[in-house]
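Below is one structure, written out as structure tokens; the observations come after it.
The values are calculated or read from the model by the stated rules, or taken from the named source; none is laboratory data. Predicted model only: the values in this text are computed from it and were never measured. Note that each Cβ is placed from the backbone with ideal geometry, even for glycine, and that neighbours are counted across all protein chains shown. Surface areas here come from the heavy atoms of the whole protein model, side chains and all, with no ligands, DNA or RNA. Shrake-Rupley method; radii C 1.70, N 1.55, O 1.52, S 1.80 Å.
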Amino acid sequence: MSLTTDEGSSPTPPLLFASRRRRLLVGRRGVIASALSSVVILGVIVAVFWLAPGGATVRYFFFNPHLMWQAFVGNPRRGLSSVGWGLVTNLWMFVVSEVLVLIFGLVIAWVRLSQSPVLFPFRVLATMYTDVFRGVPILLVIFMVGFGLPELNIGFLSTQSPAVYGCAALTITYSAYVAEVYRAGVFSVAHGQLLAARSLGLTHTATMRRVILPQAVRTVIPPLLNDLISLQKDTALVSVLGVIEATRAAQIYGSTVFNFSGYTVAAILFLLLTIPMTRFTDHLVARDRTRRLAGV
Amino acid sequence: MEVVLELTDVVKRFGENEVLSGVSLSLHRHEVVCLIGASGSGKSTLLRCANLLETIDAGSISLFGQCLEDERIDPDLVRRHIGMVFQSFNLFPHLSVLDNILIGPVHALKRRKSEARDDALALLDRIGLTDRAHDYPDRLSGGQQQRVAIVRSLAMRPALLLLDEVTSALDPTLVGEVLDLLTDLAHQGTTMLIATHEMNFARDVAKQVVYLDAGVLVEQGTPEEIFTNPQHESTRSFLERVR
Ligand SMILES: Nc1ncnc2c1ncn2[C@@H]1O[C@H](COP(=O)(O)OP(=O)(O)O)[C@@H](O)[C@H]1O
Ligand SMILES: [Mg+2]
């Protein structure tokens with residue numbers, strides 16, 4: 001075969017228009033196609049829920065608007081906690097643990113990346129820490145901290161409220177994840193940067209602080225936000241210690257009035273919290289991708 | 001003249017792979033030595049060993065007569081006296097051109113920022129890039145970036161410069177400006193150890209040319225001796241291939 005570009009010596013130039021069938025999918029018609037498919041898919045989902053044999057039951061037990069509102073505001077006279085107020089508990093537990101996780105995770109990552117011989121035992125401990133707490137189910141950590149610490153009888157450590165133990169447990173587990181995210185970020189910075197910084201006579205610490213970390217932050221933010229979204233949801237697990245947060249309030253409501261609409265309220269409230277964060281994460285990822293493609 | 005850097009029977013292995021097999025070499029003050037040799041012959045490794053970015057397995061390296069394998073040596077102090085420039089520039093992308101130049105003097109030498117800044121601007125002026133001081137490196141052409149990288153090393157006022165194929169990643173049209181800067185530095189008496197594939201440049205600036213083949217120092221001499229009258233068959237065939 002000859003290595004030329006023009007294979008055949010056809011007298012007519014090739015046609016560049018889309019075929020009749022593909023024309024539905026390209027250009028302005030593509031928009032119409034996507035709108036149509038959205039309507040159809042949404043319609044199918046709603047129809048399944050509406051027409052299913054048990055559809056009416058599900059609607060009554062999960063989506064009863066009156067009961068949903070009642071669950072949201074609660075009813076102190078009947079001993080029903082409000083799912084809305086419960087969410088406030090989730091929110092402050094999240095904020096407290098989030099701050100602690102970001103700091104503690106950085107400390108652990110820093111220790112694991114350190115090179116000083118003095119820190120050797122701490123490096124081993126930090127490695128064990130990340131291994132153990134990424135492996136143990138978070139529910140068990142919550143049980144151990146929440147029921148174990150009070151039993152130990154060591155001063156103020158044993159006299160905290162369940163919500164505080166919950167935050168401690170979340171912090172312990174999530175710091176292990178976040179430390180690994182930070183570490184991966186450090187490794188994502190090109191090796192040449194480290195070589196250049198060290199050749200200038202910068203110490204290991206100065207290299208980390210002035211050269212590596214500022215560049216690692218950029219790659220770290222999306223996975224970090226992912227872990228925080230997950231942390232936000234996992235505040236619900238603290239309910240096993242008897243903390244009345246949103247899901248626990250929904251559960252109490254449900255077992256009193258024999259209706260699950262409170263769970264739906266809790267789910268919607270959690271979504272309202274996490275959706276802005278998931279959207280923001282996606283936005284950052286997209287922006288970073290555009291920048292990378294533009295070579296900035 | 002005073003010996004700045006001296007390598008004696010240096011051996012470096014990566015696992016089973018012996019990358020430097022007993023290399024001896026000395027670099028005098030105000031002298032330029034060029035390292036030539038095929039890709040993979042160990043040029044980069046030799047430069048990194050001199051800078052303590054790699055540890056050696058046998059032999060010794062000394063700077064100003066002090067053996068670098070001595071356990072009292074502080075590698076960070078050693079590196080402050082040795083400038084290194086890389087094939088891929090390795091400028092810090094999150095810092096402006098000026099801050100790239102300032103980071104060493106300010107954060108390694110602990111000089112006052114205002115003083116260091118005057119020096120940095122003078123250096124930028126020397127390469128004609130004063131107006132780019134506040135730009136980020138990715139806004140500069142490859143040739144400009146590499147000249148900034150050279151100046152970043154010079155800002156440390158090092159006793160010698162190690163240059164690792166600093167024009168190999170450049171568009172051919174930009175090679176000239178970088179080589180011109182190096183030629184300037186050579187004429188002003190900067191002590192340099194340069195790994196390069198630019199034979200004409202080596203011939204012009206080098207006091208000594210060293211030919212490495214698979215980690216062995218095969219031949220060393222003046223540019224005249226190496227380029228016009230190589231003694232070894234492998235030197236001759238290498239020069240044939242690059243010409
Ligand atoms: N970090 C490393 N680990 C393992 N092998 C390496 C490493 N760096 C270099 N080498 C090997 O050492 C040899 C010499 O490489 P190098 O010094 O980069 O040669 P040159 O700069 O002359 O092209 C090559 O075979 C290379 O594969
Ligand atoms: Mg090389």
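More than 16 Å from ligand 2 (Cβ to nearest atom), surrounded by 21 or more Cβ atoms within 10 Å (Cβ to Cβ), modelled with pLDDT of 95 or more and not assigned by TED's automatic domain parsing to the domain that holds B:MET192: does that describe B:ALA108? Full working, then the answer.
Details: more than 16 Å from ligand 2 (Cβ to nearest atom): yes; surrounded by 21 or more Cβ atoms within 10 Å (Cβ to Cβ): yes; modelled with pLDDT of 95 or more: yes; not assigned by TED's automatic domain parsing to the domain that holds B:MET192: yes.
Criteria met by B:ALA108.
Might you check whether a residue that is part of a strand (DSSP E or B) and either within 15 Å of ligand 1 (Cβ to nearest atom) or open to solvent by less than 30 Å² (accessible area, probe 1.4 Å) (or both) occurs anywhere in the range B:40-62? If you could, list the steps in order and put the result at the bottom.
Of the range B:40-62, the ones part of a strand (DSSP E or B) are B:58-62.
Okay, now just the ones that are also either within 15 Å of ligand 1 (Cβ to nearest atom) or open to solvent by less than 30 Å² (accessible area, probe 1.4 Å) (or both), so B:61-62.
Looking for residues that are part of a strand (DSSP E or B) and either within 15 Å of ligand 1 (Cβ to nearest atom) or open to solvent by less than 30 Å² (accessible area, probe 1.4 Å) (or both), one finds at least one in the range B:40-62, hence yes.
Residues being open to solvent by less than 90 Å² (accessible area, probe 1.4 Å) and within 34 Å of the chain's Cα centre (by Cα): count how many of those fall in the range A:12-44.
Of the residues in the range A:12-44, the ones open to solvent by less than 90 Å² (accessible area, probe 1.4 Å) are A:18-19, A:26-27, A:30, A:33-35, A:37-38, A:40, A:43-44.
With the extra rule that they be within 34 Å of the chain's Cα centre (by Cα), the set shrinks to A:30, A:33-35, A:37-38, A:40, A:43-44.
Qualifying residue count for the region: 9.
Would you mind telling me which numbered condition in (1) in contact with a Ser or Thr (Cβ under 6 Å, 6 or more places away or on another chain); (2) open to solvent by 40 Å² or more (accessible area, probe 1.4 Å); (3) at the interface with chain B (Cβ under 8 Å from one of its Cβ atoms) A:SER188 fails?
A:SER188 satisfies every listed condition except (3).
Could you tell me how many of the residues in the range B:120-164 are assigned to a loop (DSSP other than H, G, I, E, B), free of Cβ contacts under 8 Å to residues at least 24 places away in the same chain and within 13 Å of another protein chain (Cβ to nearest Cβ)? Don't jump to the end; show me each part of the working.
First, pick out the residues of the range B:120-164 that are assigned to a loop (DSSP other than H, G, I, E, B): B:127-129, B:133-136, B:140-141, B:155-159.
Adding the requirement that they be free of Cβ contacts under 8 Å to residues at least 24 places away in the same chain leaves B:128, B:157.
If we keep only those that are within 13 Å of another protein chain (Cβ to nearest Cβ) as well, we get B:157.
So the count comes out to 1.
Going residue by residue through the range B:46-56, is there one that turns out to be within 16 Å of ligand 2 (Cβ to nearest atom), within 14 Å of another protein chain (Cβ to nearest Cβ) and either within 22 Å of B:SER234 (Cβ to Cβ) or touching a Phe, Trp or Tyr at 6+ places or on another chain (Cβ under 8 Å) (or both)? Give the derivation first.
Narrowing the range B:46-56 to residues within 16 Å of ligand 2 (Cβ to nearest atom): B:46-51, B:53-54.
Now drop any that are not within 14 Å of another protein chain (Cβ to nearest Cβ), which leaves B:47-51, B:53-54.
Those still in the list that are either within 22 Å of B:SER234 (Cβ to Cβ) or touching a Phe, Trp or Tyr at 6+ places or on another chain (Cβ under 8 Å) (or both) too: B:47.
Yes - at least one qualifying residue is present in the range B:46-56.
Given (1) in contact with a strand residue (DSSP E or B) (Cβ under 9 Å, 6 or more places away or on another chain); (2) part of a helix (DSSP H, G or I); (3) crowded, with 19+ Cβ neighbours inside 10 Å, where does B:LEU102 come up short, assuming only one miss?
Of everything listed in (1) in contact with a strand residue (DSSP E or B) (Cβ under 9 Å, 6 or more places away or on another chain); (2) part of a helix (DSSP H, G or I); (3) crowded, with 19+ Cβ neighbours inside 10 Å, B:LEU102 misses just condition (1).
Out of (1) in contact with a Ser or Thr (Cβ under 6 Å, 6 or more places away or on another chain); (2) open to solvent by 50 Å² or more (accessible area, probe 1.4 Å); (3) part of a helix (DSSP H, G or I), what's the single condition that is false for A:ILE244?
So the condition that A:ILE244 fails would be (3).
Since B:ASP70 meets every condition but one in (1) more than 13 Å from ligand 1 (Cβ to nearest atom); (2) open to solvent by less than 50 Å² (accessible area, probe 1.4 Å); (3) more than 26 Å from B:LYS207 (Cα to Cα), which condition does it not meet?
(2)
State which residue is farthest from B:ARG241 (Cα to Cα) when the search covers only the range B:187-219 and only residues that are assigned to a helix (DSSP H, G or I) and open to solvent by less than 60 Å² (accessible area, probe 1.4 Å). Explain how you work it out, then say what you get.
We begin by selecting, within the range B:187-219, every residue assigned to a helix (DSSP H, G or I); these are B:187, B:199-205.
Those left that are additionally open to solvent by less than 60 Å² (accessible area, probe 1.4 Å): B:199, B:201-202, B:205.
On the way: B:MET199: 12, B:PHE201: 17, B:ALA202: 16, B:VAL205: 21 Å.
Checked the range B:187-219; the qualifying residue farthest from B:ARG241 (Cα to Cα) is B:VAL205.
To keep it simple, each residue is scored yes or no on (1) within 14 Å of chain A (Cβ to nearest Cβ); (2) within 16 Å of ligand 2 (Cβ to nearest atom); (3) over 21 Å from the mean Cα position of the chain (by Cα).
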{"residue": "B:SER24", "(1), (2), (3)": "no, no, no"}
{"residue": "B:ALA38", "(1), (2), (3)": "no, yes, no"}
{"residue": "B:CYS67", "(1), (2), (3)": "no, no, no"}
{"residue": "B:ILE82", "(1), (2), (3)": "yes, no, no"}
{"residue": "B:PHE86", "(1), (2), (3)": "yes, yes, no"}
{"residue": "B:ASN100", "(1), (2), (3)": "yes, no, no"}
{"residue": "B:GLY104", "(1), (2), (3)": "yes, no, no"}
{"residue": "B:LYS113", "(1), (2), (3)": "yes, no, yes"}
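Criterion first (without any contact (Cβ under 8 Å) to a residue 60 or more places away in the chain, under 22 Å from B:VAL4 (Cα atoms), of a type outside the set (S, T, N, Q) and not in a loop (DSSP other than H, G, I, E, B)) does B:ASP180 satisfy it? Break it down stepwise before answering.
Working: without any contact (Cβ under 8 Å) to a residue 60 or more places away in the chain: yes; under 22 Å from B:VAL4 (Cα atoms): no; of a type outside the set (S, T, N, Q): yes; not in a loop (DSSP other than H, G, I, E, B): yes.
Judged against the criteria, B:ASP180 is not a match.
Would it be correct to say that B:LEU91 is within 13 Å of chain A (Cβ to nearest Cβ), exposed (fewer than 15 other Cβ atoms within 10 Å of the Cβ) and within 18 Å of B:LEU162 (Cβ to Cβ)? Walk me through how you get there before you give the answer.
Details: within 13 Å of chain A (Cβ to nearest Cβ): yes; exposed (fewer than 15 other Cβ atoms within 10 Å of the Cβ): no; within 18 Å of B:LEU162 (Cβ to Cβ): yes.
Taking the combined requirement at face value, the residue does not satisfy it.
If I ask for residues that are within 16 Å of ligand 2 (Cβ to nearest atom) and under 15 Å from B:LEU27 (Cα atoms), which ones from the range B:162-191 would you list? Walk me through how you get there before you give the answer.
To start, the set of residues in the range B:162-191 that are within 16 Å of ligand 2 (Cβ to nearest atom) comprises B:162-170.
Within the range B:162-191, B:LEU162, B:LEU163 meet the criteria.
Residues checked against (1) modelled with pLDDT of 95 or more; (2) of a type in the set (Asp, Glu); (3) touching a strand residue (DSSP E or B) at 6+ places or on another chain (Cβ under 6 Å); (4) open to solvent by less than 70 Å² (accessible area, probe 1.4 Å):
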position: A:VAL118; (1), (2), (3), (4): no, no, no, no
position: A:ALA126; (1), (2), (3), (4): yes, no, no, yes
position: A:ILE138; (1), (2), (3), (4): yes, no, no, yes
position: A:VAL141; (1), (2), (3), (4): yes, no, no, yes
position: A:LEU152; (1), (2), (3), (4): no, no, no, no
position: A:SER161; (1), (2), (3), (4): no, no, no, yes
position: A:TYR165; (1), (2), (3), (4): yes, no, no, yes
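One line per residue, one yes/no per condition, for (1) outside any helix (DSSP H, G or I); (2) on the phi > 0 side of the Ramachandran plot; (3) open to solvent by less than 50 Å² (accessible area, probe 1.4 Å); (4) of a type in the set (S, T, N, Q):
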residue: A:LEU157; (1), (2), (3), (4): no, no, no, no
residue: A:LEU170; (1), (2), (3), (4): no, no, yes, no
residue: A:TYR182; (1), (2), (3), (4): no, no, yes, no
residue: A:ARG198; (1), (2), (3), (4): no, no, yes, no
residue: A:LEU202; (1), (2), (3), (4): yes, no, yes, no
residue: A:THR207; (1), (2), (3), (4): no, no, yes, yes
residue: A:ARG210; (1), (2), (3), (4): no, no, no, no
residue: A:GLN215; (1), (2), (3), (4): no, no, yes, yes
